[in-house]
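A quick write-up on the structure given underneath.
The values are calculated or read from the model by the stated rules, or taken from the named source; none is laboratory data. Quantities reported herein were computed from a predicted structural model and do not represent experimental measurements. FYI the Cβ positions are ideal-geometry reconstructions off the backbone, even for glycines, and counts take in every protein chain you see.
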Amino acid sequence: MSVEQWPDVAGRIVRDEAGQRHILPVRVYFEDTDAGGVVYHASYVRYCERGRTDFLRLLGTDARRLIDGTDSTEPAAFVVRRMTFDFARPGRMDDLLLVETRVRELGGASVTLDQTISRDGVSLVTAVVVVVLISISGKPLRLSTAVREAFSAHAEAKKNPAP
């Protein structure tokens, strides 16, 4: 199947009064929950990873292209440097959750993202995640011009939303 047949499989980037953000719907399955049918905390880590991965894909640079070196002269990957989670409310089996990802800040080799997981407009979990671009050998790499410009457009939109 092609992307054209499933246009939102990677979520979408939306712009509103709050700025630009990536949103990804996620269904809670039995495998995501504990014995009581409540979303297990580690499942939220996976949901956030999916949101970041699809956000990067929609910006035009997916993880595979970074790893195989298509987008630069050296194979690279974004790795998590730091994650901070706040678990405010539980998700439950069969819920449809939205993972929202926003750019907070750009560094030389890093991107700080705000992520919110919500159900019906109510925030369940918030996360601040710092990812760093490293070479396959493990050394930090500066963000390429293309990646920086793609993320910058979203960071600026957050600070200065369109009317």
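Criterion applied to Leu59, Leu24 was being buried (at least 17 other Cβ atoms within 10 Å of the Cβ) and more than 30 Å from Lys139 (Cα to Cα), and the one residue passing it is Leu24. Take segment 89-146 and flag every residue that is of a type in the set (Ser, Thr, Tyr) and either modelled with pLDDT of 95 or more or touching a helix residue (DSSP H, G or I) at 6+ places or on another chain (Cβ under 7 Å) (or both). If the condition is that a residue be of a type in the set (Ser, Thr, Tyr) and either modelled with pLDDT of 95 or more or touching a helix residue (DSSP H, G or I) at 6+ places or on another chain (Cβ under 7 Å) (or both), then Thr101, Ser110, Thr112, Thr116, Ser118, Ser123, Thr126 are the ones that fit. The requirement of being more than 30 Å from Val28 (Cβ to Cβ) and in a helix (DSSP H, G or I) is satisfied by Ser152.
Filtered by the rule that a residue be touching a Gly at 6+ places or on another chain (Cβ under 9 Å) and exposed (fewer than 11 other Cβ atoms within 10 Å of the Cβ), segment 28-42 gives a lone residue, Phe30.
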